[in-house]
Amino acid sequence: MLRALSVLVVCVLLCLSAPAEASIKPLPVDTDVDYQLGGAAAVPANVGIVVRDRHDPPLTGRYNVCYLNAFQTQPDERRFWRAHWRLVLKRNGRPVVDSAWGEWLLDTRTSVKRAAIARIVGRWIDGCRAAGYDGVELDNLDSWSRSHGLIRPRHAKALARRLVARAHRAGLAVAQKNWAEWDGRAVGFDFAVAEECGRWHECGAYVRHYGRRVLVVEYRRVDFDASCAGWGGTLPVVLRDRDLLPGGVHAWC
């Protein structure tokens, strides 16, 4: 009896002392979004969601999403990634490049490399949380499609699962970016950033996965008009210039 009571006391003490997972604030609906990866700017009253690069501070009084390039490298961070050269995907000894943006692909093919990438990106995630962000966007989930067959979809899914779990432990909601055909809820994604879904006719796929928790970003007026006509009544849609400059194009449905 005494032994059973002792075990019970220990269990209670452990439960009381264990750190609780931080609560996650869901993405709001019925508000507009601004996409500010090229630099921070003020927003009008209709904008309740702001997406910014992890190096910029969140905007007080808004729901803030922190941008992370989780599956590729930023062009201006090559020196950093040269110090982690084994994590850069190579073909014939040379880095595999996303030619559209000049970004190196990260090598997600083994669990050891995924763990190492997750440790790096995990520190960025923790930095987003410490800065006061509410969520994170993990860009280039579909880098496997630009890898010349070296990376498989399962590798991307495995890293995504690690990163989503890390963000959730920090109390951050997580956005799926790219690969509209795949339902990222399978690894825990909470909402989506649907870049140019009007142009590529992908908005409906994201809506099937995430309902109204989809942020639509368009770069061409014709695609913006189409997205507004089809989805502007239910989703936040923003038109931006491709460089996402603070003084660049801003329009909402």
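The values are calculated or read from the model by the stated rules, or taken from the named source; none is laboratory data. Remember, predicted model here, so these are calculated numbers, not experimental data. Cβ atoms come from the backbone with ideal geometry, glycine included; neighbour counts cover every protein chain shown.
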**Item:** Out of Pro26, Pro57, Pro75, sole residue that is at pLDDT below 95, out of contact with any Lys or Arg (no Cβ under 7 Å at 6 or more places or on another chain) and more than 18 Å from Val217 (Cα to Cα)
**Value:** Pro75
**Asked** Given the conditions (1) in a loop (DSSP other than H, G, I, E, B); (2) surrounded by 22 or more Cβ atoms within 10 Å (Cβ to Cβ); (3) aliphatic (A, V, I, L, M), and given that Leu245 satisfies all but one, which numbered condition is not satisfied?
**Response** (2)
**Complete:** Scanning the stretch 71-83 residue by residue, the ones that are surrounded by 14 or more Cβ atoms within 10 Å (Cβ to Cβ) and not polar (S, T, N, Q) total 3
**Prompt:** Of these, Val214, Val193, which one is in contact with a strand residue (DSSP E or B) (Cβ under 6 Å, 6 or more places away or on another chain), at negative phi, without any contact (Cβ under 8 Å) to a residue 60 or more places away in the chain and buried (at least 16 other Cβ atoms within 10 Å of the Cβ)?
**Reply:** Val214
**Asked** Are any residues in the stretch 224-242 surrounded by fewer than 21 Cβ atoms within 10 Å (Cβ to Cβ) and outside any loop (DSSP other than H, G, I, E, B), and if so, which ones?
**Response** Asp225, Ala226, Cys228, Ala229, Gly230
**Item:** Top-ranked residue in the stretch 143-171 [being among the hydrophobic types (A, V, I, L, M, F, W, C) and not in a helix (DSSP H, G or I); ranked as farthest from Gly127 (Cα to Cα)]
**Value:** Leu150
